[in-house]
Amino acid sequence: MHISKWFSGAGLVILALIVLFSTLFTDWIFKGARVDLTEGQIYTLSDGSKNIVSELDKPLELYFFFSQSTTREALGLRNYAKQVRELLEEYVSASKGKIKLTVIDPEPFSEDEDRAAAFGLEAVPINNSDTVYFGLVAQYGELTEGATAEENERPTLQIPFFQAERQRFLEYDIAKMIHQVSQTKKPVIGLLSGLQVDGGFEMMTRQPTAPWFTFSQLKELFEVMPVAEDVQEIPVQDYNLLLVVHPKELSEETLFAIDQYVLRGGHAVFFVDPFAELDRMSENKASQDLNRLFNAWGVNVDMGKFIGDAQLALQVSGQNRQPVRHLGILQLTDQNLARDSISTSQLETLHMSSTGFISTLEGVTTKIEPLMTSSEHAMPIDAAKLVQMDDPLTLMQGFTPDGKVYSMGVRITGEVQSAFPEGVPISEGGDDTKQGSEAAEDIADDVAEEPVEAESVKAVTDNKQEYLQKSGQPINVVIVADTDVLTDRLWVQVQEMFGQQIASPFADNGNFFFNTVELLSGSSDLIDIRGQGRYFRPFTVVKEMRRAAEEEFQSVEQGLQQELQNIEQQLTALQNQQGENGEMITLTPEVENQLEEFRKKKLSIRKQLRDVQHQLNKDIEALDFKLKLINIALVPFILTLIVVVIALYRRRKRG
């Protein structure tokens, strides 16, 4: 009787009101509350993103374009768009009013579609007639009165289309966009190089040489400031990144300047080489002195040997133009490149030549992440073999891979001690070097005799007081044991056409270089944002069940098929029995019974095959039902129960 009352007209109205008010009540209680239960925390902003948002001085407007109407059947694309939108809403929530989000569906032939095109977004075709807009526009600063967003001259950046391949780095891409659009000038790169990366003069041909393409492109994206090889101070505030390329014979003061730059939070990238092929002015190998710094950071770079790798070796033209494999010229693939680093995760092919290797020291306290590694078919080879080498086949002599995997590029993070624990190095005429207080005292003793030097003594004393013995914050350094990786011949063909340089890359060396420079020249908060967990979760349990069931099915099927084949052969033989004169014989009742048995058995086997297939589908359907039951019934029931418990607890507390 009580149940029938609930299903009466008045009862259903009351139930509807209860559901409505309970929903509003729940929404009111948990207003602003957020819980991210995903494994990879894909809906939770990292601290780096929050810091970048908190540093915004002006309002930021985000315009998210997604074609809802033309993606009804593209479920994967819609799910990705949902993730982007929800992450953008997290940014809006974290900004406390500084970020405004506008979501736009640019329907075909609408003004919104014209806006998307005006912002420079890409319309990607998904079938014969429809196109999809899936991009983001960021504008920083106040909108000029009377102007439209697309006409305004505010700093503007776009993500033309969210590529599925970048989904793991979605937060990084959005955070980078927000950081860059709010910057007033290009990042400054300090370049300390022992090679003629910016062009020079070839003594043998007596011809000028062109800048390396990587560095000519670098100047278009960054402000590049040369740093002298004898520099004695590198202020952190002057550079977003220090780029060190194969320096030689660095003085103690210069090494100390680099040491202090890194300890004070400056980011740095080092390219050193045991045999730099374009270094024709002096010895090819970089300065061993840099290892003084590297050792303090937990690694050592061998400057006397390069990595030969039989598996990664590229084919080159040998003597008599015969193709031979060069053990020192390597082609790295995704198997040799770190998949969890923004610098290398998207790379497919990287070419390196006469590359050194980087060893991790014992007792290291820093975090050493290999970015590129050799295969197990590698071993170090003396770099002296490359000097005046005529035939690459000579590298094969004595080559025996040792089964080790060698790191050829690493990223170092963490807190470190200074490589100069005794203090400030001061050179006194030529090779004589004194350290810290001793040097300062010596100079101070001369002050009375040489008053003019009093100022320099004060500077030394000041430096002694200010130098750091350990890092004030975790360092961020990348070391690559190769400089040839930056040269044009290993990754790009550049042609001059109508006064413009047309580049045709054939490897990802340039992408690695710019990814690394872009990553380390950005905000420290930006560097801390790493790839998040996968948004799409594969049905691994279902797949495993299917695989196991298919194995079982195939095993049973093969046995039944073999049995069926035998029966069919026997059946055919019986049906085609002929007499000695080629005439068909009359089947005896026993043979007819045997034929009938075979036919029944054949039908039975075919039925068993169908049953096996049916059972396979049935198991998967049962699992699918369980998953739906959990998602549709169990989870809402648990959440409702939690709400009721909280409500009762609050009511009891008030009472």
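The values are calculated or read from the model by the stated rules, or taken from the named source; none is laboratory data. Small disclaimer: the values here were computed from a predicted structure and weren't measured. Here the Cβ is made from the backbone with ideal geometry for all residues, glycine too, and neighbour counts use every protein chain on show. These accessible areas exclude ligands, DNA and RNA; they are computed on the full protein's heavy atoms, side chains included. Shrake-Rupley method; radii C 1.70, N 1.55, O 1.52, S 1.80 Å.
Working out 0.36 nm times the residue gap between Gln335 and Asp382, then minus their Cα-Cα distance, what length gain in nm do you get to one decimal?
Details: separation 47, 0.36 × 47 = 16.92 nm, distance 2.57 nm.
Result: 14.4 nm gained on full extension.
Need one word for region 189-296: rounded, prolate or oblate. Basis is the Cα gyration tensor (sqrt eigenvalues a ≥ b ≥ c); a/c below 1.5 gives rounded, then a/b vs b/c decides. Working shown, then result.
Numbers: a/c = 2.21, a/b = 1.33, b/c = 1.66.
The shape class here is oblate.
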inquiry  = Give me the one-decimal nm value for the distance between modelled label points at Phe506 and Leu17, 7 Å along each residue's Cα-to-Cβ direction.
reply    = 7.9 nm
request  = Mind giving me the FRET efficiency for Arg489 and Gln232? R0 is 25 Å, r the Cβ-Cβ distance, nearest 0.05 is fine.
outcome  = 0.10
key: Prolate/oblate/rounded call for region 305-379, Cα gyration tensor, a/c under 1.5 rounded   = oblate
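Send over the Kirkwood Rh of region 332-424, from the inverse of the averaged 1/r over different Cα pairs, rounded to one decimal Å. Walk me through the numbers on the way to the answer.
Numbers: mean 1/r = 0.0632 Å⁻¹.
15.8 Å is the Kirkwood radius here.
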key: Check: region 145-194 dipole with +1 on Lys, Arg Cβ and -1 on Asp, Glu Cβ, in debye   = 340 debye
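With Kirkwood's inverse mean 1/r over C-alpha pairs for Rh, give me the Rg to Rh ratio of region 35-120, two decimals please. Write out the running numbers ahead of the final one.
On the way: Rg = 14.9 Å, Rh = 14.6 Å.
Taking Rh as the inverse mean 1/r over Cα pairs, Rg/Rh reads 1.02.
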For region 364-374, Karplus couplings with θ = phi - 60° (6.51, -1.76, 1.60), whole Hz, Gly/Pro x = 5, 9, 8, 9, 10, 10, x, 9, 9, 9, 7
request  = Calculate the spin-label point distance for Gln207 paired with Thr360, positioning each point 7 Å from the Cα along the beta-carbon direction, and give it in nanometres.
outcome  = 4.6 nm
Lys219 versus Asp402: modelled label distance in nm, points set 7 Å from Cα along the beta carbon direction = 4.3 nm
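Could you check how much of the accessible area of region 92-141 is carbon and sulfur, as a whole percent, using a 1.4 Å probe? Show your work: numbers first, answer last.
Working: 1250 of 2640 Å².
Roughly 47 percent, rounded to a whole number.
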Extension reserve of the Gln183-Asp611 stretch, reckoned as 0.36 nm per residue once the Cα distance is removed = 147.4 nm
inquiry  = I'd like the trypsin sites (Lys or Arg not before Pro) in region 83-155 restricted to DSSP loop residues with at most 12 other Cβ atoms within 10 Å, sorted by number.
reply    = Lys96
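Within 10 Å, count the other beta carbons around each residue, average over each peptide in 137-143, 639-645, and list them highest first.
Details: 137-143: 18.9, 639-645: 11.7.
Result, highest mean first: 137-143, 639-645.
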request  = Filter the cross-link list Lys58/Lys176; Lys98/Lys367; Lys58/Lys186; Lys100/Lys185; Lys58/Lys470 down to pairs whose alpha-carbon distance in this structure exceeds 28 Å.
outcome  = Lys98/Lys367; Lys58/Lys470
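Rounded to the nearest 5, what is the percent of antiparallel bridges among the DSSP beta bridges in region 151-295?
Values: 3 of 16 bridges.
About 20 percent, rounded to the nearest 5.
Roughly how many Å² is the accessible area per residue of region 109-209, as a whole number, for a 1.4 Å probe? Each step should come with its number before you reach the end.
Details: 5480 Å² over 101 residues.
Here the per-residue accessible area is 54 Å².
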ask   = Among the GluC sites (Glu not before Pro) within region 209-243, which fall in a DSSP loop and have no more than 13 other Cβ atoms within 10 Å of their own Cβ?
value = Glu233
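Dividing the alpha-carbon radius of gyration of region 229-368 by 2.2 N^0.38 Å (N being the number of residues), what value is obtained?
Numbers: Rg = 17.4 Å, N = 140, 2.2 N^0.38 = 14.4 Å.
Compared with the compact-globule rule of thumb, region 229-368 sits at 1.21.
Computing the accessible area with a 1.4 Å probe over protein heavy atoms, can you report the carbon and sulfur percentage for region 270-389?
On the way: 2280 of 5290 Å².
Exposed carbon and sulfur together represent 43 percent of the surface.
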message = Per residue, how large is the accessible surface of region 260-361? Use a 1.4 angstrom probe and give square angstrom.
response = 38 Å²
task = Could you work out the Kirkwood radius for region 169-221, taking every pair of different alpha carbons, averaging 1/r and inverting it, reported in Å?
result = 14.0 Å
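On alpha-carbon atoms, Rg over Rh for region 228-270 using Kirkwood Rh?
Values: Rg = 9.5 Å, Rh = 10.4 Å.
We get a ratio of 0.92 for region 228-270.
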key: Intensity falloff of region 79-216 expressed as log10 I(q)/I(0), Debye formula with alpha-carbon point scatterers, at q = 0.18 Å⁻¹   = -1.11
inquiry  = Positive end of the dipole of region 146-283, charges at C-beta (+1 Lys, Arg; -1 Asp, Glu), about the Cα centre: which of Ile178, Gln217, Leu263 has its Cα farthest in that direction?
reply    = Ile178
Label zone at Asn127 (point 7 Å along Cα-to-Cβ), backbone N below 11 Å, region 76-97 = none
